[in-house]
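The values are calculated or read from the model by the stated rules, or taken from the named source; none is laboratory data. Owing to the predicted nature of the structure, the values given are computational and were not obtained by experimental measurement. Neighbour counts are summed over all protein chains in view; Cβ atoms, including those assigned to glycine, are modelled from backbone coordinates with ideal geometry.
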Amino acid sequence: MARTPTWRNTPFARKFYHSKAWQNARGVVIDRSHGLCERCMEMGELKPADVVHHKIPLTPENVDDPDISLNPDRLIALCDDCHTEVHRMLGVGAMNGRKEDEPRVGFDADGNVVRRPTGRRG
């Protein structure tokens with residue numbers, strides 16, 4: 001079973017993730033992917049999706065913006081392994097207080113994970 005991140009236990013996140021609106025949006029994304037990890041499918045693998053990931057990390061400032069928090073185009077169904085990998089590539093952004101404008105990766109228009117330039121050489 002996946003460990004619940006500490007940030008998800010914050011009041012803003014707890015309220016959001018228990019809302020009917022989130023449950024509906026999550027269901028749309030799981031249905032869209034037929035219950036499968038979208039990242040694994042891109043690699044030709046079939047693995048059940050365990051989580052629905054926000055492509056734009058949720059914060060207390062944007063959680064009430066449905067275009068960010070509930071828009072299926074900004075959500076992706078992932079297995080636990082891919083979700084962990086995405087957060088690793090992101091530098092575990094929002095979960096450890098990393099600034100939102102510093103991610104190492106992002107998503108293209110099709111929801112694929114893409115590396116972003118870091119501004120560093122070498």
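Among CYS82, CYS40, which is in contact with a Lys or Arg (Cβ under 6 Å, 6 or more places away or on another chain) and surrounded by 20 or more Cβ atoms within 10 Å (Cβ to Cβ)? The match here is CYS82. If you go through segment 48-63 and keep only what is closer than 15 Å to CYS79 by Cα and not hydrophobic (A, V, I, L, M, F, W, C), you end up with PRO48, ASP50, HIS53, HIS54, LYS55.
In summary, helices (runs of 4 or more DSSP H) completely within segment 11-85 and bearing 1 or more residues that are touching a Pro at 6+ places or on another chain (Cβ under 7 Å) and in contact (Cβ under 8 Å) with a residue 12 or more places away in the chain occur at 11-17, 20-32. The sole residue among LEU58, LEU70, LEU36, LEU46 that is touching a Ser or Thr at 6+ places or on another chain (Cβ under 7 Å) and at pLDDT 80 or above is LEU58.
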